[in-house]
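Step one of this worksheet: look at the structure below.
Any read-out appearing in this document is the output of simple, stated calculations on the displayed coordinates, not a laboratory observation. Values in this document were obtained by computation on a predicted structure and should not be read as measured data. Positions of Cβ are backbone-derived with ideal geometry, glycine not excepted, and every protein chain shown enters the neighbour counts.
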Amino acid sequence: MKTNVIEQAVIADPDARLAHEIKERQRARDKRARLLKHLFLVILSFVMIYPLLWLVASSLKPENEIFGDLGLWPSSFEWSNYTEGWNALPVSFTVFYKNSAIVTVLSVIGNLLSCSFAAYAFARLRFDGRTFFFGLMMMTMMLPYHVVLIPQYVLFLELGWVDTYLPLIVPRFLAADGFFIFLMVQFFRQIPRELDEAAMIDGCSPFKIYWAVILPLSLPAMGTAAIFSLIWVWEDFLAPLIYLNDVQSYTVPLALRMFIDQEGQSAFGQMFAMSVLSLVPVLIFFVAFQKLIIRGIATSGMK
Amino acid sequence: MRKFFRRNTAGYVFLTPWLVGFFFLALGPILVSLYLSFTRYDMVSAPVWDGLGNYRYMFEYDRRFWKALEVTFTFVAFSVPLRLAAALGVAMLLDKGLRTIGVYRAIFYLPSLLGASIAIALLWREMFGLNGVINQVLAMVGITGKGWITDPDTSIYTIVVLAMWQFGSPMLIFLAGLRGIPRDLYEAAEIDGTSRFRQFRRITLPMLAPVIFFNLVLQTIEAFKTFTSAFIISNGTGAPADSLLFYTVYLFNEAFKFFRMGYASALAWVLLLIIAAFTALAFATSKYWVHYENERD
Amino acid sequence: MKLTRRTLLGTMGAAAAASALPFKAMAATQSIRHFWWGNPTRDERTFKVIEMFQGSHPDIAVQGETIGWGDYWTKMATQTAGGNMADVIQMAHTYIHEYVQRGGVVPLNDYIGNGIDLSHYDAGANDIGTMGGDLYGINIGATCPSIPYNKRVFEEAGVEFDPLAWTTDDFAAACEKITSSTGGAVTGSEDMSLYMETFEIFCRQAGVDFYSEDGELTMTVEQVAAWWQMWKDLRDAGVVEGKDATVQLDKGMADLGLIRGTTATTFRWANQTGALQGLMQDPLGLAIVPQRAGLQSGHFVLPSMFLCLTRDAGDIPAALAYIDNWVNDEETIKVLGIDRGIPPSQKGRDILAPQLNETDAMVVTFFGETQSQILSTPVIGPKGSGEVRDSFMRTGTEVVLGNMSPQDAADQFIHDAEGILIRASR
Amino acid sequence: MAGLTLRNVEKSYGALTVIKELNLDIHDGEFLVLVGPSGCGKSTLLRMIAGLEEISDGTIAIDGKVVNDLPASKRDLSMVFQSYALYPHMSVRKNLAFGLQNLSMPKAEIARRVDEAARILQIEPLMERKPRQLSGGQKQRVAIGRAIVREPGLFLFDEPLSNLDAELRVQMRVELAALYERLKTTMIYVTHDQVEAMTLASRIVVLRGGKIEQVGTPEELYTRPANLFVAGFIGSPRINMLKATVSGGQAKMADFAAFALPDLGTRDSELTICVRPEAIQLGGGEVQAEGKIRLVEYLGAERLVHIDLASGQRLLFHAQGADSHRAGESVTLGFDRADMHFFDSSEQRVEPALAEVA
């Protein structure tokens, strides 16, 4: 109301009117740009989401309809794929979810802690051999995993860890994944070094600097790392396959592989249903943690 | 001596978890695989020393090794730039404005969540098949398609498209990086009347350089090691006509299908050298385009 | 193999083992592990069998371990390399030689009739599991090659044929009829030119086996060329599925034209019929691989699966008791059904007869009716035969794509195959 | 309060030596400014004193105690950084209190000191804000506040004003001077801006290439620069430098008539003679030349007149604002021998013998 009065008033003045018109035009242009952007995003979203729709649709179809029929819409909704799928394997999915949760939660914690430790050392501390070890760390990422599978299996067998979760969890507490170290190094290095120095003069030990300065300023990076490590561990399949023997201890992705038999009876509908369900925890976590990335403290206060 | 300790203690204390992991869990297997690359090893019986036999065979006789290299290099050359460009473009779209961004972010990440599962393999074969969605769309504009995924000349590009489509993880990293760029830089540029494109070149790119560098290095490493998507889409065979014979697919088959772990190890070490060369190159050139805030050394 | 086995970390290992997670069967004095590849149905049945076995043998704890087919072999190889194979494993004929020749599984001769009773088995049922006179794999389900066909499509196209005696000419005519009557929407058959299993029967019809007993390549350029030429002619006539479907190798069931409704036949082992039918709405019928006019039958049976005792088996008596129970116990046989194939004994077939569903019954009937066509047992490929199969598919692809003539491709394939066998035998 | 002693201090990164055998005594309670062009090692030296850089060789002692091995936090000093280095995720109050908390100081004492600092620096209304909500000047105050709450024996400033605009810089300079008056604590201040150095310092150290060129009060440096570098570096507008050739007790500069040199105690035949712009006289002076005004810069109270001489040499003349010279005008200019600074061929200051000055 009030603005209207003001607008009315200024329209009398030709200069003000011109200014007003320009503003209006700008607003219209901004609106158009936003609309275009939305339109683009919506189309892109459809392309991105189509496979999931297909998956969900397939999970609701009767078994003999999944492949013969290309339409998305099922002729009848087989909710039983979900209810029966949950208990279709010798062990209930309740157990698989519990197992996956244990492995994933511990692994994510381990990853974040140990990798940020190593990253802090590489990014911030000066010590002899830093470049050398950094190179080694990069190298561990370059060797195809399949060729260390067997020696590593032998090692864990010697340790008596096979058929336990230790081979899945312990390495994560020992910063085994160079990806996260390198990721954090890159983000840590973006933080002005003078902050460390100020903290040093403020009486901080290296640990205190890491904890009170570097970590709080790296929330976007830590959030990203948390999301990735959760997703990757949750979906990890090769290590559980190799190290877990007892079906009671299987994780969700491993259980999903029990549905499909290339040579015989498969249960695709149930497999798709359980695949859809297996995405749920990850999605929830994703939505919750991506806030960290967004809310991350803009570093504009520093320079 | 005291000085030595003073200088090194903190670094090594923080590095301890990694060092323990590296020396106790990683180094042994890595060295064993290096040793195995000089042996014939079928995994059931003991390895037999073969000197440079594996390497010689690889370079002198193995046509499929060269084919696998060709396939992999093609993939890397196309997928890395395209995927990074897609990830950066979308990340920038999602970085500013729009309130509904959280939803989009989740949606755009979905394909990466689906990973390379059996469902994706089935879907991809369907979409790029003779009667797939792609050809239906092409038919609408009057183009007669073909079996993109079954034609050895084009099948690799369907995997490139898959890699592009799963741009979620570099996108997220870019987003995190964009969050770190102070807004006032853009505001200042806005006032100076700098065009959007120049803002991108003068502010976004340099400020994002460390993150771009990370994504470039990691995506290149990952691209060279691409396994699951190609394996699952070609049913593990590299078909059609070896056009999807990615290096690691070949390596995996040599190891676990044909019981030649020694040869597979040699393949792995050759790949490691190739990747290391590219990574070293990236690091060497990074001095010229990646600058870290306030770094003295 | 004792690669990197060191005791330096032994103490750490012991500590870790003590803190290891639970989930282990307790209280039994003996324990064995059984590892198989499976699917939900098979897993359910097998765990039921284990449970029953535990009931009758409370002193033997059995840990069942299972995973799908593709992953099974990766895990198996890793466990073998680590010297940690399960005591009892399931084997396929495509892999058994690899493990036998390298010493992964051990001969069972000494235990037959002395722990394991196989007296009720059909004569020759264990021939394929026997190598160099030693029995390595016990047949736990037989199967035979078959051509499953879509009954509705065949009937609607008006194809009349004798599924047990049709010839390649009949086959070509059927393909032509189906393709033309559906206007090309359904082609007569999948292009099977890259199916080496089907080719094996084609070969045997001419009296040629793939390999000799001592592992030499005996298939001939002529046979290979003739096979690829036959399919080329069908392709050129447009009555079989196009190259786009063909060049995908090792297709899963979900990718088959038969399941998708775009072709009327394919090749599968007979015991997989139930699984196929589960994914289809139209009814299936079974036919033999078409005969070549004027030549002999190439039909054969082979075990779809074996039970093997491994090199790493710790408690052999317990493992033997388990295997013996598997092949003899009536209730066990009932629970297992024909999921792993048809029981290779009359006793087993009699036990199952009353409980078979329609599809299973058809398979058993087909199996029985084709017995008379079996002239000999094929020789299982030596080390490297898996790679020869890959090479067959790869070189055949060039023919399908029109890049090579059948004759040139056959020449190259045989040349490559010989090289592969030499390399594998080192 | 603390005095410092630097003995044979060296800093090198690999083969590159940044500080060479440096000796310096810093008196208790003085405001010492380290000045020099970029890359002269002044920041490195400050950071070595702070304990942020390792000392490659030699010793640094604070209050007579060698601190080479002492970590920064144990040296009883505060530092203000060029970029302020405020913790972006903490409020102003937390920024100020953070260091004190690390000393496990009682809460009440922390609150007292923080409030006190806030009062002195007039940042009380900003205490709950985050650094990104502050202007440059406010950030600077907070940074200083963070230094003073520690009540250290030594303040270190690393170009603290260089990120501020001109006006703020002058204002903060005055406040810093006032702060020093109030605290009388030893301060070491690094800058590349000689105006800051002149206005703030009780003593100035001019550094070049990791070596001390001269140490002295601002006045000493201005009136008796020890070498050509210092002469050129200190003083704004910049000193005029003229090449002279010497023969038989006579000095000859291009454009000027030869004149008799005092006894300089050097046999060099090439000298550099420097004259401050304000010592130039138009129409007067013992040594004279003809020139043409090229440019006049009007600064209000004063004018800077750039004059071209016939040989192409240029001189700068510092005139009063009321003078009315115009570009293009031809002038006669000159200066007195007493206003000349002489430097020998190794660029060191040479002085006329005392007798002659008298």
Checklist entry - Considering every pair of different Cα atoms, what Kirkwood radius, in Å, is found for region C:230-389? => result 18.9 Å
Checklist outcome for this item: At q = 0.06, 0.10, 0.12 1/Å the base-10 log of I(q)/I(0) from the Debye formula over the alpha-carbon atoms of chain C is -0.28, -0.75, -1.04
Checklist entry - Taking the Cβ-Cβ separation of residue C:216 and residue C:356 as r and a Förster radius of 60 Å, what is the calculated FRET efficiency to the nearest 0.05? => result 0.90
Checklist entry - Which of the lysines could be linked to residue D:130 by a straight reach, that is with a Cα gap under 26 Å, when you skip same-chain ones fewer than 8 residues away? => result A:208, A:291, A:303, B:96, D:94, D:107, D:139
Checklist outcome for this item: Convex hull around the C-alpha positions of region C:367-426: the volume in Å³ per residue is 126 Å³
Checklist entry - How far is it, in nm, from the label point at residue D:327 to the one at residue C:169 when both lie 7 Å from their Cα along the line to the Cβ? => result 11.0 nm
Item to check | Highest-MSF residue in chain D out of D:169, D:238, D:112 [GNM, Cα springs under 10 Å] | outcome: D:112
Item to check | Dipole magnitude (debye, nearest 20) for region B:61-289, charges at Cβ of Lys, Arg, Asp, Glu | outcome: 240 debye
Checklist entry - Between residue D:65 and residue A:291, what FRET efficiency follows from the Cβ-Cβ distance if R0 is 60 Å, with the result rounded to 0.05? => result 0.75
Next on the checklist: What FRET efficiency comes out for residue D:107 versus residue A:126 if R0 is 41 angstrom and r is the Cβ-Cβ distance? Round to the nearest 0.05.
Outcome noted: 0.70
Checklist entry - Which of the aspartates and glutamates could a cross-linker span from residue B:146 if the Cα-Cα distance has to be under 13 Å and same-chain partners fewer than 8 positions apart are dropped? => result B:126, C:244
Checklist entry - Can you tell which of D:123, D:144, D:55 shows the greatest fluctuation in a Gaussian network model of chain D with Cα springs below 10 Å? => result D:123
Item to check | Computed P(r) (all Cα pairs; the protein assembly as shown; 20 Å bins; percent) | outcome: 9, 29, 28, 17, 12, 5, 1
Checklist outcome for this item: Expected integer from the mean partner chain Cβ neighbour count at 10 Å over A:237-244 is 4
Next on the checklist: Under the 0.36 nm per residue contour assumption, what length would be gained going from the current alpha-carbon distance of residue C:92 and residue C:316 to full extension?
Outcome noted: 78.5 nm
Item to check | Test item: C:276-282 mean partner chain Cβ contacts at 10 Å | outcome: 5
Item to check | Packing rank of C:353-359, C:88-94, A:178-184, C:149-155, where each peptide gets the mean count of other beta carbons within 10 Å, highest leading | outcome: A:178-184, C:88-94, C:149-155, C:353-359
Checklist entry - How far is the Cα center of region B:80-149 from the Cα center of region D:59-88, in Å? => result 56 Å
Next on the checklist: Cross-link candidates for residue D:292: which lysines have Cα within less than 26 Å, leaving aside residues fewer than 8 places away along the same chain?
Outcome noted: D:243, D:252
Next on the checklist: Going by average Cβ density within 10 Å per residue, which order do the peptides B:248-257, B:105-114, D:218-227 take, highest to lowest?
Outcome noted: B:248-257, B:105-114, D:218-227
Checklist entry - How would you rank D:147-155, C:165-173, highest first, on the average number of other Cβ atoms within 10 Å across their residues? => result D:147-155, C:165-173
Item to check | Helix-derived mean residue ellipticity, 222 nm - over chain A, DSSP H n ≥ 4, -39500 (n - 2.57), to 500 | outcome: -22500 deg cm²/dmol
Item to check | Charge sum, other residues only, whose C-beta stays under 11 Å from residue B:56's C-beta, Lys/Arg counted +1 and Asp/Glu -1 | outcome: -3
Next on the checklist: I want to verify a result. In a Gaussian network model of chain C, Cα cutoff 10 Å, which of these has the top mean-square fluctuation: C:281, C:291, C:54?
Outcome noted: C:281
Item to check | Fraction of alpha-carbon pairs over 17 Å apart in region D:25-151 - percent | outcome: 63 percent
Next on the checklist: In the protein assembly as shown, if the dipole is taken from +1 on Lys/Arg beta carbons and -1 on Asp/Glu beta carbons about the Cα centre, which of A:211, C:353, C:132 is farthest to the positive end?
Outcome noted: A:211
Next on the checklist: Give me the one-decimal Kirkwood hydrodynamic radius in Å for region B:61-289, with the sum taken over alpha-carbon pairs.
Outcome noted: 19.6 Å
Checklist outcome for this item: At the level of C-alpha centres, the distance separating region C:227-284 and region C:385-426, in angstrom, is 22 Å
Checklist entry - Under the definition of partner shielding as Cβ atoms of other protein chains within 10 Å of a residue Cβ, what is the mean value for peptide C:103-112? => result 1
Item to check | Whole-number D in µm² s⁻¹ for region A:88-301, Kirkwood Cα-pair radius fed into Stokes-Einstein, 37 °C, 0.692 mPa s | outcome: 171 µm²/s
